[in-house]
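S.K.: Sharing a structure with you now.
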Amino acid sequence: MTEDSETDRLTRDLDWNLLRSFVAMAEARSITDAAQRLRLTQPSVSIALKKLEDRIGKRLIDRAPGRYELTRAGALLYREAVEIHGAVHRLSTLMRDMTDEVTGHVRIAVASHVVCPLFDQVLSEFHAAYPRATLSISVLGSGSALASVASRTASFAICLVHRRDPKIEYLRLYREFFGLFCGPPHPLFGRRGLRQKDLAGHSAVSFETDRLHDALRPVTLLRAESELSERIIGTSSHLEEVRRMVISGLGIGPLPLHVVERDVRDGLLWRLPPYVNPPPIDVHLAWNPKAMLNRAESALLGALQEAIASVPIADRTYGLDTSHEGTEGKAT
């Protein structure tokens, strides 16, 4: 059979319901788990998998006692099936949105505690212009936010970016700066005249992406330069939880300067050295150029892109001039 005829056969014979079931199988821990997710019997799921493997001509899941994992062909099919699922879902949404007035739902995936006045302004103007459009904002880790854009389950994302997926487009939305902080129970809280060497050996808390090979690499280097303990007491993908651990005294932690200004004023957090040249972190707008957007999604994404293009990065940079505990603490 020629390659073209094989492609035609797959296009003609492949059942979308089988692909939808396979997505559940790929995300499950076993056939029994997949059957529960699909609300089907275990034999029915096994038959569906066998039918799909016969039509694809490849083994998709390696099943053995104590083992249940995707083969290389299964992993490839899973990635494509997730994209197809997103496209089918969005197609039904587009059909519902065919009205003269701009309506539709926008699904935004954001990293934890995105604080960006420009984003807030665009949201306000968008609602004033299109009051019948609705939106939902999901707080996810940056990796999960980008995955939701790739699979087309999110309209776009606002998050940190480490490795760029060539299937996704990116624009820097804003820049923020991180500092090190401690909470009231910590022995360094309230102390002035501290130097960076005074932090050596103290316990740390941080973000899950605070690793040399991840999005918060500059923060990792800052911790290393401060010679904090290599043992991190607590981690989270959510800024609010890192903040909670710092305030509770579990350890010294990195937080965006502009986000915690009020906490510093209220006596909940204490800024620690270094006070100069804080590490910058860029937060990006990310979207899938191949996604079929409804009118509301197109309008909001376009408004954000236009705002980024028209506002200089200096006006989208937050926290650099944040004050700290006093001039006597400036030594590093």
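S.K.: Distance from a point 7 Å along Cα→Cβ of I137 to each backbone N in the stretch 165-187: keep the residues under 12 Å and list them by number.
M.R.: Counting backbone N atoms under 12 Å from the label point, the list is empty.
S.K.: R0 = 30 Å: FRET efficiency of M292 with T235, Cβ-based, nearest 0.05?
M.R.: The pair M292/T235 has a calculated efficiency of 0.20.
S.K.: Sorting check: for 248-256, 125-133, 182-190, which peptide has the highest mean count of neighbouring beta carbons within 10 Å, and how do the rest follow?
M.R.: 248-256, 182-190, 125-133
S.K.: With θ taken as phi - 60° and the coefficients 6.51, -1.76 and 1.60, list the Karplus ³J(HN,Hα) couplings across the stretch 249-262 in order, rounded to whole Hz; mark glycine and proline as x.
M.R.: Rounded to whole hertz, the list is x, 5, x, 7, x, x, 9, x, 4, 6, 6, 9, 3, 5.
S.K.: Can you give the FRET efficiency to the nearest 0.05 for S248 and R175, using r as the Cβ-Cβ distance and R₀ = 22 Å?
M.R.: Using R0 = 22 Å, I get an efficiency of 0.15.
S.K.: Separate question: If you compute Cα extents along the principal axes in Å for the structure shown, which of [x] 78, 57, 36; [y] 67, 64, 34; [z] 78, 47, 34 do you land on?
M.R.: The value matching this structure is [x].
S.K.: Something else: For G179, which sequence-distant residues (separation of 5 or more, or a different chain) have an amide H within less than 5 Å of its own amide H, given hydrogens modelled in the peptide plane?
M.R.: Distant-sequence amide H within range of G179: L255, L257.
S.K.: Quote the charge dipole size of the chain about the Cα centre in Debye, to the nearest 20; the model charges only the Cβ of Lys and Arg (+1) and of Asp and Glu (-1).
M.R.: Charge dipole of the chain: 740 debye, to the nearest 20.
S.K.: Something else about it: Using 0.36 nm per residue, how much length does the chain from H113 to K51 gain when fully extended, once their Cα-Cα distance is taken away?
M.R.: Using 0.36 nm per residue and subtracting the Cα-Cα distance, I get 17.8 nm.
S.K.: Okay, next question. Hey, if you put +1 on the Cβ of every Lys and Arg and -1 on every Asp and Glu Cβ in the chain, which of A64, W287, S124 ends up farthest toward the positive end of that dipole?
M.R.: Checking the options against the dipole of the chain, the answer is A64.
Any read-out appearing in this document is the output of simple, stated calculations on the displayed coordinates, not a laboratory observation. Computed from a prediction, not measured in an experiment: that's the story for all the values here. All Cβ positions, even for glycine, are placed from backbone atoms using ideal geometry, and neighbour counts span all protein chains on display.
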